[in-house]
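**Q** This is the structure, below, for whatever I ask next.
The values are calculated or read from the model by the stated rules, or taken from the named source; none is laboratory data. Remember, it's a predicted structure, so these values are computed and weren't measured experimentally. As a convention, Cβ positions derive from the backbone with ideal geometry for all residues, glycine included, and neighbour counts pool all protein chains shown.
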Amino acid sequence: MMNKKTYTVQEATKKMEHYCAYQERCHQEVRQKLEAMSMIPEAIDMIMVHLLEHNYLNEARFAETFVRGKFRIKHWGRQRLRIELKKRDISNININHALAEIDDAQYLVVFSELAQKKAHSLKESNVFKRRKKFIDYFLYRGWESHFVYEKAYELIK
């Protein structure tokens, strides 16, 4: 049977500093990581406070980075971004602030380009099925339904 490594508060703190420095993390991820390291609640709280005081952890910065990355790389819409941030216990203030970082004009340009590409890539011959596939694709990715339906009827005839 393998013994699980135990950490002192100092060791765990150092490990978490590296963990947070490598990539933006939300409070939830760090807390789960510390729990997985079998740290006691008092130690977890001490380490969390240390990380916050030394700016390793910053919920607002995490939310902004998350939104920028998922929008740019995965092309998620605002609804999906909001849901994913809520799952990570990010406050509404930080969610709204991060989503406000997305330029409205840019948002619509990205959506239009994606919509054009998706509409051309659908190989379904039945117009209704093709439209449904188009709509499902964008709703799953969190684009606002009024944009999606409008585009579906505009591009797929």
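**Q** Which of the numbered conditions does GLU84 fail, given that it passes all the others? Conditions: (1) modelled with pLDDT under 95; (2) among the acidic types (Asp, Glu); (3) more than 22 Å from ALA152 (Cβ to Cβ).
**A** (1)
**Q** What are the residue pairs meeting all of these: first residue in the stretch 116-135, first residue assigned by TED's automatic domain parsing to the domain that holds TYR149, second residue of a type in the set (Ser, Thr, Tyr), Cβ atoms under 8 Å, and 6 or more apart or on different chains?
**A** Matching pairs, first to second residue: LYS118/TYR137; ARG131/TYR153; ILE135/TYR149.
**Q** Something else: Within the stretch 76-114, count every residue that is touching a His at 6+ places or on another chain (Cβ under 6 Å) and surrounded by fewer than 17 Cβ atoms within 10 Å (Cβ to Cβ). Write out each step before concluding.
**A** The initial filter retains those residues of the stretch 76-114 that are touching a His at 6+ places or on another chain (Cβ under 6 Å), namely 114.
Filter again for surrounded by fewer than 17 Cβ atoms within 10 Å (Cβ to Cβ), leaving none.
Residues meeting the conditions: 0.
**Q** Yes or no: LYS117 under 15 Å from LYS74 (Cα atoms), surrounded by fewer than 17 Cβ atoms within 10 Å (Cβ to Cβ) and either in contact with a helix residue (DSSP H, G or I) (Cβ under 9 Å, 6 or more places away or on another chain) or modelled with pLDDT of 95 or more (or both)? Working first, answer last.
**A** Values: under 15 Å from LYS74 (Cα atoms): yes; surrounded by fewer than 17 Cβ atoms within 10 Å (Cβ to Cβ): yes; either in contact with a helix residue (DSSP H, G or I) (Cβ under 9 Å, 6 or more places away or on another chain) or modelled with pLDDT of 95 or more (or both): yes.
Judged against the criteria, LYS117 is a match.
**Q** How many residues are within 19 Å of LEU99 (Cβ to Cβ) and either in contact (Cβ under 8 Å) with a residue 24 or more places away in the chain or surrounded by 18 or more Cβ atoms within 10 Å (Cβ to Cβ) (or both) if we restrict to the stretch 29-72? Even if it seems obvious, please write down each step before you answer.
**A** So in the stretch 29-72, the residues within 19 Å of LEU99 (Cβ to Cβ) come out as 58-72.
Narrowing further to those that are either in contact (Cβ under 8 Å) with a residue 24 or more places away in the chain or surrounded by 18 or more Cβ atoms within 10 Å (Cβ to Cβ) (or both): 58-68, 70-71.
Total meeting the criteria: 13.
**Q** Could you say whether any residue in the stretch 91-109 is among the hydroxyl-bearing types (Ser, Thr, Tyr) and closer than 28 Å to LYS151 by Cα?
**A** Yes, there is a match, as at least one residue in the stretch 91-109 is among the hydroxyl-bearing types (Ser, Thr, Tyr) and closer than 28 Å to LYS151 by Cα.
**Q** Report the residue count in the stretch 117-144 for those that are part of a helix (DSSP H, G or I), farther than 13 Å from LEU155 by Cα and of a type in the set (Ser, Thr, Tyr).
**A** 2
**Q** Within the stretch 95-103, is there a residue that is of a type outside the set (Gly, Ala, Ser) and without any contact (Cβ under 8 Å) to a residue 24 or more places away in the chain?
**A** yes
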